[in-house]
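Here's the structure we're looking at; comments come further down.
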Amino acid sequence: MAPGPVEPAVPIESTQSLTSVTESYDDTLRFYLNGTKVVLDSADPEVTLLEYLRGIGLTGTKLGCAEGGCGACTVVVSQFNPTTKKVYHASVNACLAPLVSVDGKHVITVEGIGNVKQPHPAQERIAKSNGSQCGFCTPGIVMSLYALLRNHPNPTEHDVEEAFDGNLCRCTGYRPILDAAQSFSVERACGKATANGGSGCCMENGNGGGCCKNGVDGEESEPVKKFTPPGFIEYNPETELIFPPALRKHDFKPLAFGNKRKRWYRPVTLQQLLEIKSSYPSAKIIGGSTETQIEIKFKAMQYSASVFVGDIAELRQYSFEEDYLEIGGNVVLTDLEKIAKEAIEHYGITRGQPFEAILKQIRYFAGRQIRNVGTPAGNLATASPISDLNPVFVASNSVLIAKSLDNTTEIPMSEFFKGYRVTALSPDAVIASIRIPVAAETGEYMRAYKQAKRKDDDIAIVNAALRVSLDESHVVESINLVYGGMAPITIPAKKAEAYLEGKTWTDPAALEGVMNALEEDFDLRFGVPGGMATYRKSLALGFFYKFYNEILAEIKAEEEVDVDTQAIGEIERMISTGEKDHGASEAYTQKILGSERPHVAAMKQCTGEAQYTDDIPVQKNELYGCLVLSTKAHAKLLNVDPSAALDLPGVVDWVDHKDLPSPEANWWGAPCCDEVFFAVDEVFTAGQPIGIILADSAKNAEAAARAVKIEYDELPAIFTIEEAIEKESYFDHYRYIIKGDTEKAFEEADHVFTGVARMGGQEHFYLETQACVVVPKPEDGEMEVFSSTQNPSETQSYVAQVTGVAANKIVSRVKRLGGGFGGKETRSIQLAGICAAAAKKTRRPVRCMLNRDEDILTSGQRHPFLARWKVAVNSDGKLQALDADIFCNGGWSQDLSAAVCDRALSHSDGVYMIPNIHVRGRVAKTNTVSNTAFRGFGGPQGMFIAESYMSEVADHLGMPIEKFREINMYKPGEITHFNQELKDWFVPLMYEQVQQESDYARRREEVDEFNRTHKWNKRGLALIPTKFGISFTALFLNQAGALVHIYHDGSVLLAHGGTEMGQGLHTKMTMIAAEALKVPQDSVFISETATNTVANTSSTAASASSDLNGYAIWNACAQLNERLAPYREKLGPDATMKELAHAAYFDRVNLSANGYYRTPDIGYVWGPNTGQMFFYFTQGVAAAEVEIDTLTGDWTCRRADIKMDVGRSINPAIDYGQIEGAFVQGQGLFTTEESLWHRASGQIFTRGPGAYKIPGFRDVPQVFNVSLLKDVEWENLRTIQRSRGVGEPPLFLGSSVFFAIRDALKAARAEFGEEKVLNLRSPATVERIRVSCADPIIKRAVVEPREGEKSFFISI
């Protein structure tokens, strides 16, 4: 880590005057925590609320990103709100909140609202509705729902849908969480609702007055009974934690506390704040801390004096004046939302237009947790060039009232921004209030626009506030066209404004003139900072085009000029819904197996009681590690000097490659040992570990890591596959599959087409980052390793290597993972090995949990792929041959890249019979992070290549893609290109069923009609099939062991080789054991996965863990049943396990059994193309429909219908969760998730939720239907219970959204006469969608690179 800038310590004279100003201030924090009073006389000024909570043992609140972007740390802070004069329960990001901010308030954490024995209804409903998989994000989601219910005991469906815009989940696909939350909504919790067997809720029946429960229907009626879904606790708001009466009369005293490094000041009057600013102008003013805490955490900024202004009531007032609204600078954005609504009511819709614009921008401004603390003054003072509110303030000609001790200054917003992050505010002044003028009664029009990578909780790419005043003859009197994201500051389009002044709005020439002027105003160069030059320019033009036509429509100018009404408005989502077939397993449900049951740990996860690696209590003498990572993509290491770091307080040691038992011990990697734990003389990627600092706290370790001095000599670096091909930089791995005679087929076929398929990688973004706690034992070099890993055995093996002992001295233990998805299969070993080396050296326990940015920098991603394909096809649509060169970007070390490439080759046929195939695979060697396993493991990339050539070839032939797929689909019993017969093959059947069940043909007609009648919005449909081979491609990994103990009391302890990472493996395994032993499921317990109970385990991966471990458990239980058979006979069929075990024990019968299983029949040989590659194929089909706005690239998935063949499901509830979660993760892979590297530094740019966009709650399909294949026979399936693996296969179905977008883009291009076949690269980001269109606006916005000019970002 590079040393960060340090603000100078407080000068002596300022200290003296500050001391005199604040000498009467109190130094004690007083607040309530979960109903209990807390008094802190010596609070650490540098800890956040999250660090405080976790430090006192309340570990239910999690650290997911440290930037307020994921919501894992959400708590509720109840407070008396000085703006609304009511108690408000604010959901807050504890990772950002300074401890000083909770003085006089009530902090409620997930532990404070319920526990496993007595859960809160919010906790219970999410748990029982399968809304928690890995569970790491769950406490934050529970607290967001809790905040909603505390503020709105009867929320609407819309309130519920928007309550989670500051939360992310990587596992569930969000649908079950939303369903659980919607059970509290007035529409669904009403006893009258048709869904609940009533005659219809008053809102369903069109009661304009709203809900009768809100007391607004005017009649004296009996209160309607709230409907509680069967099996759930009734929600009664009267039983909630009360707001402590003492806090209602809490005396907010000015506070001053801290230490030599940092002091906090908390004035409670404006006068006190101005006195502080006068005596020490450079004191850092903190409102919501949403920006400052990120600067401290990630940019190493140090503010020696910070002033928290959130409790100054004067700055949180508002007033409606004759011609303006005045709001206090520190009104929080949530209150500003309410104030804006009130203002629209007060001034009327016409005069209230500026407040409508504010309301629109706030709706998508960050997440609710940020809006609950963020303020307009903070937004203005930080002067972000992409602030959503600042353009509105500038365009509305707002005025800032700045106050210092001596002066009050009015600063017009048009003069406020001076340069990048520089304003006209004097150092000793604060923004006291903002005056926002109301619009004129006639002739004034104002609108606001924003486009981001993702709709909710995302920073803008470009935003705008556009305002015009017209006289009676529509001549422009005044105009403000203000944009964000187009320059280093919020900026007006001056040339366009000057051009329009005095022009007639209805003059058709005016539009062309403005467009030309806008092009001059925003003449971005290709390599502009932030990238996306063409897209940003097109948005500036597109926003004005929308505005121009919207105003024409409003002034009813249709007779004078052509009004393009279709450019008006934007895509609006409905309330999302979904259906599942809960009767799918009825035909084969046994006593336990086949039934829907919740995840065994769900309730613990929902109450914050589930323990993850970093929740393990701190050990005695424990040290905290912080990795020192390379900042260069490729360089010689000239010097590494930790001496300055070792001199810092609390720092204990520095560990690097010299501390390992031998140079050989530094090497690791699977299957090729080509990577080092610590860099030696050279670094090959930015983010490669060089060493680790050990200190007595995580904060001290972080500060010291930045102080390690490293000198580099930079070397040339390779980033993309294209560069690697050009420089012939490959790993030593080459594989091919040949079937038939491709050359002959190309000669004889009617048509031959060629193309390129290209897709980017994907960050795992498991909510729990890589984490490890290593505890050395005093004897024999023994060590316990608690690691968040999918691979305990490999962890054990490499820890033994770096500590120089045999594997039998190392115990690797895993309770659960907060998500894995393949990212903790091999990459977790790096951190475990480093921590173990550190623990060995210091003989003290060592803990390290990576920050999100460190995790992304060092832990690898899904492999980007490039394929050059050539396809032969006859005029009847029958495929004749495929020839393809397939390349994946392996990164700087090989890791599992070879196997990923192999799987892509085996899946490059998709589900299509191609008689002649020759595919070849290479792994590109680059200087990016080492790419690794990720759910699908090359399968989705191979199938994406297949669907890409299928789509493009169908377009070349002019044939509907659905028909083209059907013509070429494998039939039962046909042979794949790797010579495996397709048994139990149901893709054609599901392809037909999905079309029928989703009404596909009718919807295709509707989509075509919509596209004929809509110029700018287009819809698309796609129907995507999948087959996914189940088995590890490395033969030796297809084995598993299990250990089953039966105790005297009849309870069963189960251990197996698989780890629980949210996928429900432990749930399925306990069900299998319970069914086999004929005991209730709650009698079976799995404590953890550990190498001292089951040895030599394979990693939990390849969707094979249920198959392998399930059969091993069945095998162990069969042995126990054999031993218990005489006792069952003797004691009768109704004997309990307690009675059986008791009797057997006294007869000296062994009640422990080792089970084992290995997959039969498989053993493929590369080259000769012989042997069976996979044990079977999991299959599925999905249909998706999207709508895109071609003026902005914005889009929404209107509907998705999925059908999966999972055989006889062990637990349909768990399988549905996997299908929904995989689909949404796949949708992210192919749409919003784009990894970008910063060209100048060679470092990854997308290193947190601020820049990297996984799907959020409002990105899921608006209608999301999932079903399982039923009423068929699985004759050849020889798995446990005849079930199929389900973790990875559904992921590729998310590409149906991508191909639906492509379908919509075809219509958009045809609208403007573009007939060329579209080659769409994945992911289909909003930028790619927009620039793939062919309209005149995008054509005039194109920015070409000048000679030698390169893009700001690299997309690898």
Placing +1 on each Lys and Arg Cβ and -1 on each Asp and Glu Cβ in the chain, then taking the dipole about the Cα centre, the residue among Ile276, His1142, Asn1096 whose Cα reaches farthest towards the positive end is His1142
Distance in Å, no decimals, from the C-alpha centre of segment 993-1029 to the one of segment 753-797 is 40
Lys and Arg at +1, Asp and Glu at -1: neighbours of Ala881 with Cβ under 13 Å from its Cβ sum to -3
Its Cα gyration tensor gives segment 947-1053 an equivalent ellipsoid whose semi-axes in whole Å, largest first, are 43, 22, 14
Here the FRET efficiency for Arg920 versus Glu342, based on Cβ atoms and R0 = 60 Å and rounded to 0.05, is 0.35
Using the Cα gyration tensor of segment 225-276, the equivalent ellipsoid's semi-axes, largest first and to the nearest Å, work out to 44, 15, 10
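Would you mind counting up the charge near Val76? Only other residues with Cβ under 13 Å from its Cβ, with Lys and Arg at +1 and Asp and Glu at -1.
+1
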Any aspartates and glutamates whose Cα falls less than 16 Å from that of Lys1027, other than same-chain ones fewer than 8 residues away, would be Asp902, Asp909, Glu947, Glu966, Glu974, Glu981, Asp984, Glu992, Asp1205, Glu1288
Checking segment 336-419 for GluC sites (Glu not before Pro) in a loop per DSSP with at most 11 other beta-carbon atoms within 10 Å yields none
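Let's test the formula: R0 of 45 Å, r as the Cβ-Cβ distance of Glu579 and Asp251. What FRET efficiency results, to the nearest 0.05? It would help to have the intermediate numbers written out before the result.
Numbers: r = 55 Å, r/R0 = 1.22.
Taking R0 as 45 Å, the efficiency between Glu579 and Asp251 is 0.25.
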From highest to lowest solvent-accessible area (probe 1.4 Å; ligands, DNA and RNA excluded), Glu501, Glu723 read Glu501, Glu723
Output row, site Thr565, 7 Å Cα→C-beta label point, backbone N cut-off 17 Å, window segment 429-465, residues none
In whole percent, the fraction of accessible protein surface over the chain that belongs to carbon or sulfur atoms, probe radius 1.4 Å, stands at 50
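Need the full-extension length gain, Ser643 to Glu726, defined as separation in residues times 0.36 nm minus the C-alpha distance. One decimal, nm.
25.6 nm
Just to confirm the filter: which GluC sites (Glu not before Pro) across segment 569-636 are DSSP coil and have at most 12 other Cβ within 10 angstrom of their Cβ?
When the GluC sites (Glu not before Pro) of segment 569-636 are filtered for loop state and at most 12 Cβ neighbours within 10 Å, Glu572 remain.
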Quick calc: nm separation of the 7 Å Cα→Cβ label points for Thr36 and Lys1138 -> 3.5
Rounded to the nearest whole number, the per residue volume of the convex hull around the C-alpha atoms of segment 732-871 in Å³ is 160
The alpha-carbon pair-distance distribution computed for segment 1160-1270, with 10 angstrom bins and whole-percent values, is 11, 29, 25, 23, 11, 1
By the Cα gyration tensor axes a ≥ b ≥ c (a/c under 1.5 gives rounded; else a/b larger than b/c gives prolate, otherwise oblate), the shape of segment 408-460 is oblate
Magnitude of the Cβ-charge dipole (Lys and Arg +1, Asp and Glu -1) of the chain about the Cα centre, nearest 20 debye, reported as 3020
antiparallel share of DSSP beta bridges within the chain, to nearest 5, in %, is 80
Subtracting the Cα-Cα distance of Glu586 and Lys503 from 0.36 nm times their residue separation yields 22.7 nm
The base-10 log of I(q)/I(0) that the Debye equation returns for segment 965-1118 at q = 0.13, 0.18 Å⁻¹, one scatterer per C-alpha, is -0.79, -1.02
Along principal axes, largest first, the alpha-carbon spread of segment 899-954 in whole Å comes out as 37, 20, 18
Out of Ala838, Gly761, Pro778 - ranked by how far each Cα lies towards the positive end of the dipole of segment 694-848, with unit charges on the beta-carbon of charged residues - the top one is Pro778
Scoring only Lys, Arg, Asp and Glu (+1, +1, -1, -1) among other residues with Cβ under 14 Å from the Cβ of Lys636 yields -4
As straight-line cross-link partners of Lys815, the qualifying aspartates and glutamates (C-alpha separation under 16 Å, not fewer than 8 residues apart within one chain) are Glu609, Asp614, Asp615, Glu768, Glu784, Glu825, Glu1060, Glu1088
Mean separation of Cα contacts under 8 Å (at least 6 apart) over the residue count of the chain, i.e. the relative contact order in percent, is 11
For segment 630-764, the dipole about the Cα centre with charges only on Cβ (Lys and Arg +1, Asp and Glu -1), to the nearest 20 debye, works out at 380
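Dipole size in debye (nearest 20) for segment 548-674 around its Cα centre, Lys and Arg Cβ +1, Asp and Glu Cβ -1? Before the final figure, lay out each step's value.
Numbers: 10 positive and 24 negative charges, 230 e Å.
Its charge dipole is roughly 1100 debye.
Within 10 Å of each candidate Cβ there may be at most 10 other Cβ atoms; applying that plus a DSSP loop requirement, which trypsin sites (Lys or Arg not before Pro) in segment 514-602 survive?
Those that pass, being in a loop and sparsely packed, are Lys556.
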If unit charges are put on Cβ atoms (+1 for Lys and Arg, -1 for Asp and Glu) and the dipole of the chain is taken about its Cα centre, the option from Asn1319, Gly57, Ala587 lying farthest towards the positive end turns out to be Gly57
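Throw me the Rg/Rh for segment 325-373, computed over C-alpha atoms with Kirkwood Rh, two decimals.
Rg/Rh for segment 325-373 comes to 0.97.
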Largest-first ranking of Lys455, Lys1253 by accessible area, probe 1.4 Å, whole protein assembly kept, is Lys455, Lys1253
Given pairs Lys277/Lys403; Lys341/Lys546; Lys658/Lys699; Lys546/Lys1018; Lys495/Lys537 and cut-off 18 Å on Cα-Cα distance, the over-length ones are Lys341/Lys546; Lys658/Lys699
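The values are calculated or read from the model by the stated rules, or taken from the named source; none is laboratory data. No experiment lies behind these values; they were computed from the predicted model shown. Cβ atoms come from the backbone with ideal geometry, glycine included; neighbour counts cover every protein chain shown. Surface areas here come from the heavy atoms of the whole protein model, side chains and all, with no ligands, DNA or RNA. Shrake-Rupley method; radii C 1.70, N 1.55, O 1.52, S 1.80 Å.
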